[in-house]
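Below: one structure, written as structure tokens.
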Amino acid sequence: VEACLEAELPLSLRVNLDAHNIGSLEALADFLRDRGWAGRKGFRCQLAPVTDHLGTSRYPFTMREDELVEPVLALWRRRPELKQALDFRLFRVLDHLISVIEPGRPSRTLPRFHYCEADRGDILAFGPDGLIYVCPESAGTARYAVGTYSPRYRLWPRRLRKWEARSVLALPECQSCNIATFCGGGCGYAALRRFGSLHHGV
């Protein structure tokens, strides 16, 4: 982290939250502050809920988004100076709500046609297996790869186009849904895991 910030490379630290580690959040925020990373240009700590895309996991620590949010908001109320250290953007629906109702925060009230960066082609994740993915959560599952970077860099246009074509305008389930432009059709990776196809709203 220090090396990236010294080189002025933007860096996001992702923290996957569940019942197992939610109690350590304040200690993490203190650590980020003590290291001088919180509030530093180019650094952000993104909180994300641990998710079960299939609904079949036996992992006992998964929590609903609203359950995870309560301790975070309680921490913010108790210690407002830690607010700058913790970023809610990966709580996607909640972040949208906050952007609308929180005073002084820029509103993102435009319709949401995509759930996340993966659907828009804004992100490439380089897995340790030498393959490239558009969704970091799918890294390591070769059938979801969209290219390779080792031994040679190459993207596979047909697979990329399937992600880039995913929007509420193309998903059958979204055509008659009243909140489609609020959720953006849901997670593409979840659609792959549940239905074997990106062409599904979830």
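Read-outs throughout are calculated quantities, based only on the coordinates presented, and are distinct from any laboratory measurement. Since the structure is predicted, the reported quantities are computational estimates derived from the model, not experimental observations. Don't worry about glycine lacking a Cβ; one is built from the backbone with ideal geometry, like all the others, and counts go over all protein chains shown.
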- Message: Nearest 500 deg cm²/dmol is fine: what mean residue ellipticity at 222 nm does the chain get from its DSSP H runs of n ≥ 4 alone, each adding -39,500 (n - 2.57), divided by its residue count?
- Response: -8500 deg cm²/dmol
- Label selected from (1) -0.50, -1.44; (2) -0.61, -1.19; (3) -0.57, -1.23, the criterion being log10 I(q)/I(0) by the Debye sum over Cα atoms at q = 0.10, 0.18 Å⁻¹ as computed here: (1)
- Task: Evaluate the distance, in nm, between pseudo-label points positioned 7 Å from the Cα of ARG40 and of ASN21 along their respective Cα→Cβ axes.
- Result: 2.0
- Task: Run through the DSSP bridge list for the chain and note the antiparallel percent, rounded to the nearest 5.
- Result: 45
- Please give the contour-minus-distance gain from ARG78 to ASP122: 0.36 nm per residue of separation, less the Cα-Cα distance, rounded to one decimal in nm. 12.3 nm
- Note on the structure: Taking the alpha-carbon centre of each part, the distance from the range 109-140 to the range 172-186 in Å is 19
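Over the range 109-156, calculate the relative contact order: mean separation of alpha carbon pairs under 8 Å at least 6 apart, over the residue count, as a percent.
On the way: 66 pairs, mean separation 11.7, N = 48.
Relative contact order for the range 109-156 comes out at 24 percent.
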- So ARG158 and ARG194, fully extended at 0.36 nm per residue minus their Cα-Cα distance, gain in nm 10.8 nm
